[in-house]
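Working notes, structure below.
The values are calculated or read from the model by the stated rules, or taken from the named source; none is laboratory data. Not measured: the values here are computed from a predicted model. Using ideal geometry, Cβ is built from the backbone for each residue, glycine included, and neighbour counts are taken over all protein chains shown. Please note that ligands, DNA and RNA were not included when accessible areas were found on the heavy atoms of the full protein model with its side chains. Shrake-Rupley method; radii C 1.70, N 1.55, O 1.52, S 1.80 Å.
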Amino acid sequence: QVQLVESGGGLVQPGGSLRLSCAASGSIFRIYVMGWYRQAPGKQRELVASITSGGSTNTADSVKGRVTISRDNAKNTVYLQMNSLKPEDTAVYYCSYHDVVLDRMYWGQGTQVTVSS
C-alpha cells in the first residue's frame, strides 16, 4: 500500500514557475517508477515526466526544456519543477507510483495548475 499526496499547485502567470511535490508513504520498495501525469478538460491524461528508483528520467517532448523531475529518496518525495509556464500547461497534475516488482500502480488525488494572466 502506497499513499501519495501532491502539493504546490495553484494559479501562476504565463512565464512563471511552479514546483510540485509528491510525498509517498507506506510500502516503498527498491524498484519503482514515479511520475507526473496531467489531464486538461476534454483531453487525454498524458505523462509529463518520470523517474526510476535508479535515477533515470524521461520528459515529454511537449515540456522538454521547461520541466525537470527530481527526487529526494530519503524523504520519499518527488518534485516537478516547471518553468516558463504556458496557458496550455493548465491541467490537473497527478503523481503516480509504479511498483515494478508487483506491477501495481498508485495515484495521488491531483493538484490543479492554472496558468493565466
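Give the distance, in whole Å, between the Cα centre of the stretch 2-66 and the Cα centre of the stretch 73-117. Their Cα centres are 3 Å away from one another.
Entry comment: accessible area of the chain is 55 Å² per residue, from protein heavy atoms only and a probe of 1.4 Å.
The slack between S7 and D99, meaning 0.36 nm per residue of separation minus the straight C-alpha distance, is 30.9 nm. As a fraction of the 1.4 Å probe accessible area of the chain, surface on carbon and sulfur atoms comes out at 47 percent. Judged by the gyration tensor of its Cα atoms, with axes a ≥ b ≥ c, the stretch 3-76 is prolate; a/c meets the 1.5 cut and a/b is the larger of a/b and b/c. Over the stretch 1-116, Cα pairs under 8 Å with separation of 6+ residues give a relative contact order of 36 percent. Note on exposure: V92, V5 ranked by accessible area (1.4 Å probe, complete protein assembly) read V5, V92, with the most exposed listed first. Determine, from the Cβ-Cβ distance of S25 and S116 and an R0 of 25 Å, the FRET efficiency 1/(1 + (r/R0)^6), rounded to the nearest 0.05. Efficiency for this residue pair is about 0.15. Quick one: if the Förster radius is 22 Å, what FRET efficiency do N73 and W107 give, using the C-beta to C-beta distance and rounding to 0.05? The formula returns an efficiency of 0.60 here.
For K64, the aspartates and glutamates whose Cα comes closer than 18 Å to its Cα, not counting residues fewer than 8 places off in the same chain, are E46, E88, D89. Quick check: from the Cα gyration tensor, does the stretch 24-117 come out rounded (a/c under 1.5), prolate or oblate? Prolate shape, in that a/c is at least 1.5 and a/b is the bigger ratio.
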